[in-house]
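Here's the structure we're looking at; comments come further down.
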Protein chains: 2
Amino acid sequence: MNYCSQCGSPVKFEIPEDDNRPRHICTQCHHVHYSNPKLVAGCLPVFEDKILLCKRAIEPRNGYWTLPAGYMENGESTRHAAQRETLEEANARVSDLQLYTLTSLTPVSHVQLIYLAQLEDLNFSAGDETTDVRLFTEQDIPWDKLAFQTIRNALHFYFEDRKSGIFPTRHIDLDMPPGRYVEQP
Amino acid sequence: MNYCSQCGSPVKFEIPEDDNRPRHICTQCHHVHYSNPKLVAGCLPVFEDKILLCKRAIEPRNGYWTLPAGYMENGESTRHAAQRETLEEANARVSDLQLYTLTSLTPVSHVQLIYLAQLEDLNFSAGDETTDVRLFTEQDIPWDKLAFQTIRNALHFYFEDRKSGIFPTRHIDLDMPPGRYVEQP
């Protein structure tokens, strides 16, 4: 950030009065600009014994497989965001959403929520940011072609929990340095 | 938003190519500025049969009681944010954090996470944004002096769940129009 989005003047990066960390502050109108973590929401869509995955058409991890997920928008709930992303990326409708993984990706300041969900029908297809959408059984999951560590985690948890039929919310802090797991949906 | 934070030129509010909703776009450098929901994290600190509450020293809801909570910062996990806010607002140390409520406050584009936590000791005191910190039994909770609907919800759930000793994660969408529940920590 170089300029104030309110008045267009240059900003400085200093600790405001009554604060304890540096922020971008306008040198003219003194507006304090905060930067906060972003929320990513998505689904783990289940159909019988299969999971829906999307093949990414965009960077990062173009060509790798992922669960449908993306940045939450203003004015929607986390569940609605997860359903919308599933519709946008896979043209797929899901229901019975249940919070399954909550992952803090500390180095990139993202928080990812993945909902376990029922895929309603087989009328799915690739959206704009996707080249392919398929259902995979556990045996067919392309483990070496998954886009992100969080996706791998969610799938591992799912197949493990499926044995008992109990799917508790998993809470994960990923604080390793940015690498291939970086969650930029 | 009036000006581009990258180059200082005026922005327009239009739907970018390959997008489906309007964003602030720089008229000169064409940078697209996204605005996303903010995460609020906090704790419901338990000590024996009592709950720690903070009396707010700031607007909104100055003078009303709340759980310690505030905006998550970049570079921290959700649990760390909840612990930090508890330390900042109540000078209180908590452990054994367990995700308890996840609330989408759709009209104000906030997502609030409240963690059930054990208060470690009685060495707490009011922080900068607080005038008083106290422990309350269920009978003493100031129900008509609580700051926000989300705080009321978390406390109601807690006293209900305490009967069984089972504290499942509660998932709530609050989409009523902004009012006294508005969560601006």
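One residue alone among A:Thr86, A:Thr27 is at pLDDT 95 or above and surrounded by fewer than 22 Cβ atoms within 10 Å (Cβ to Cβ), and that residue is A:Thr27. All of A:Asp161, A:Asp173 fail the test of being within 11 Å of chain B (Cβ to nearest Cβ) and surrounded by 13 or more Cβ atoms within 10 Å (Cβ to Cβ), apart from A:Asp173. Scanning the range A:63-78 for residues that are touching a Pro at 6+ places or on another chain (Cβ under 7 Å), among the hydrophobic types (A, V, I, L, M, F, W, C) and not in a strand (DSSP E or B) yields a total of 1.
Of all the residues in the range B:105-122, those that are more than 8 Å from every other protein chain (Cβ to nearest Cβ), under 19 Å from B:Arg152 (Cβ atoms), of a type outside the set (A, V, I, L, M, F, W, C) and surrounded by fewer than 22 Cβ atoms within 10 Å (Cβ to Cβ) number 1.
A quick yes/no check of all residues on (1) assigned to a helix (DSSP H, G or I); (2) among the hydroxyl-bearing types (Ser, Thr, Tyr); (3) touching a strand residue (DSSP E or B) at 6+ places or on another chain (Cβ under 9 Å):
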{"site": "B:Arg61", "(1), (2), (3)": "no, no, yes"}
{"site": "B:His80", "(1), (2), (3)": "yes, no, yes"}
{"site": "B:Glu85", "(1), (2), (3)": "yes, no, yes"}
{"site": "B:Glu89", "(1), (2), (3)": "yes, no, yes"}
{"site": "B:Ser95", "(1), (2), (3)": "no, yes, yes"}
{"site": "B:Gln118", "(1), (2), (3)": "no, no, yes"}
{"site": "B:Ser125", "(1), (2), (3)": "no, yes, yes"}
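Residue-wise test of (1) touching a residue at least 24 places away in the same chain (Cβ under 8 Å); (2) over 25 Å from A:Leu39 (Cα atoms); (3) within 17 Å of the chain's Cα centre (by Cα).
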site	(1), (2), (3)
A:Tyr100	yes, no, yes
A:Thr106	yes, no, yes
A:Leu113	yes, no, yes
A:Thr130	yes, no, yes
A:Val133	yes, no, no
A:Ile141	yes, yes, no
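Check the range A:1-17 and report whether any residue there is within 14 Å of chain B (Cβ to nearest Cβ), more than 17 Å from A:Lys145 (Cα to Cα) and touching a residue at least 60 places away in the same chain (Cβ under 8 Å). No, the range A:1-17 has no match at all. Sort out which residues of the range B:35-56 are surrounded by 13 or more Cβ atoms within 10 Å (Cβ to Cβ) and within 11 Å of another protein chain (Cβ to nearest Cβ), and write them in order of number. Matches in the range B:35-56: B:Asn36, B:Pro37, B:Lys38, B:Leu39, B:Val40, B:Ala41. Taking A:Leu102, is it in contact with a His (Cβ under 7 Å, 6 or more places away or on another chain), surrounded by fewer than 23 Cβ atoms within 10 Å (Cβ to Cβ), of a type in the set (A, V, I, L, M, F, W, C) and outside any loop (DSSP other than H, G, I, E, B)? Yes, satisfied.
Give me a count of the residues in the range A:8-47 that are of a type in the set (A, V, I, L, M, F, W, C) and under 18 Å from the mean Cα position of the chain (by Cα).
6
Restricting to the range A:127-158, name every residue that is part of a helix (DSSP H, G or I) and surrounded by 14 or more Cβ atoms within 10 Å (Cβ to Cβ).
As a first pass, look at the range A:127-158 and keep what is part of a helix (DSSP H, G or I): A:138-140, A:143-145, A:149-158.
Residues satisfying the conditions are A:Gln149, A:Thr150, A:Ile151, A:Arg152, A:Asn153, A:Ala154, A:Leu155, A:Phe157, A:Tyr158.
The values are calculated or read from the model by the stated rules, or taken from the named source; none is laboratory data. Note that this is a predicted model, so its numbers are computed, not measured. For neighbour counting, all protein chains shown are included, and Cβ atoms are generated from backbone atoms with ideal geometry for every residue, glycine included.
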